[in-house]
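Working notes for the structure below.
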Amino acid sequence: MRPMPHDHSDHPHALLPPDPALRVKALETILTRKGLIDPAALDELIDTYENRIGPKNGARVVARAWADPMFRAALLEDATRVVADLGFYGRQGEHMVVVENTPQQHNMVVCTLCSCYPWPLLGIPPGWYKSDAYRARAVREPRKVLADFGVTLPEGTSVRVWDSTAEVRYLVLPMRPEGTDGLSEDALADLVTRDSMIGTDIPKVPS
Amino acid sequence: MNDCVTIGVPEPVFAEPWHAQVFALTVHLNETGRFAWGEWAERFSTTLKRHGLSRELDGGDDYFHAWLETLEAFLDEDGGALKDEVSPIKDAWEKAYLTTPHGAPVALDG
């Protein structure tokens, strides 16, 4: 029997990538031939975003802010400089602002424009952050969105939504959970979830 | 939100290899000074708005389709990669895939 063209067990030819993948390859080929891009730099970028940066960076910053009042003050004063001093990757010229949760105010971050996000601290945003549903509802009904994430705030806590832009990207500094006195920075960082730094979660309580 | 918010499930950084490729290509072009990131974000936002008029975007594949469309239009406009140049090269890649034996590296002639 003649093999089916796309029978995975017996390809007569290389598997044809989907149409958008071929369009991207075409752009890369043209730009490389014109000397406008360096293909090795693309591989390096992908490796960086897939393997080297992500929410662990942000969690380290949050844990240190919990443990070190001087660092916390500097972070709230000028997060861009602090993040640069820590050597975290970021070359889009973004200005980073850290907003602190308190018993009076819970902060939540959205980008109604597209999906601006503090890449050096959180990596690539999750799908839901980029969805129309979140981008539209976070501003309109933040408490309902928080409820969808399983977060219920006390009555007296207000919610402030920060709209990120290409120029200013926000990170939430969550409140340090109770019962974490004496924990090391590494142990504290393990309690910090990605979503708690977007404001759609609260840090885990140590078990 | 139920269909777009999945809590607690680990997600790959990029769901498809081409998502990573088009992302890296755009960031690289920004880093080499071809455009400012603010300029990119403005154009991308316009594309997202236009796509979002006809259906609700879930932030997955549709997000990167909008991203690619924005980059193609940008490069066509600034001469980096004209539409007329892209089409034959894309066809050449397609032909290369369809004529390369399975398992062999796929490359363009010339």
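The values are calculated or read from the model by the stated rules, or taken from the named source; none is laboratory data. If you're wondering where the values come from, they're calculated on a predicted model, not measured in any experiment. All Cβ positions, glycine included, derive from the backbone under ideal geometry; neighbour counts span all protein chains shown. Each accessible area value is taken on the protein alone, full model and side chains, heavy atoms only, with ligands, DNA and RNA left out. Shrake-Rupley method; radii C 1.70, N 1.55, O 1.52, S 1.80 Å.
The figures follow:
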quantity: Hey, B:Asp109 touching a residue at least 40 places away in the same chain (Cβ under 8 Å), more than 7 Å from every other protein chain (Cβ to nearest Cβ), open to solvent by 40 Å² or more (accessible area, probe 1.4 Å) and not hydrophobic (A, V, I, L, M, F, W, C) or not; calculated: no
quantity: Any hit, the stretch A:131-141, residues being within 24 Å of B:Thr26 (Cα to Cα) and among the hydrophobic types (A, V, I, L, M, F, W, C); calculated: no
quantity: Within the stretch B:57-106, considering residues that are among the aromatic types (Phe, Trp, Tyr) and within 8 Å of chain A (Cβ to nearest Cβ), the one farthest from B:Thr46 (Cα to Cα); calculated: B:Tyr97
quantity: Unique residue being open to solvent by 10 Å² or more (accessible area, probe 1.4 Å) and under 15 Å from the mean Cα position of the chain (by Cα) when the list is A:Glu94, A:Glu141, A:Glu77; calculated: A:Glu94
quantity: Test set (1) of a type in the set (Lys, Arg); (2) open to solvent by less than 10 Å² (accessible area, probe 1.4 Å); (3) not assigned by TED's automatic domain parsing to the domain that holds A:Trp66 - A:Lys204 fails condition number; calculated: (2)
quantity: A:Gly150 being on the phi > 0 side of the Ramachandran plot and open to solvent by less than 30 Å² (accessible area, probe 1.4 Å); calculated: no
quantity: B:Val27 being crowded, with 22+ Cβ neighbours inside 10 Å and facing another protein chain (nearest Cβ under 8 Å); calculated: no
quantity: Residue that is farthest from B:Gly38 (Cα to Cα) [pool: residues in the stretch A:171-182 that are at pLDDT 95 or above and open to solvent by 20 Å² or more (accessible area, probe 1.4 Å)]; calculated: A:Arg176
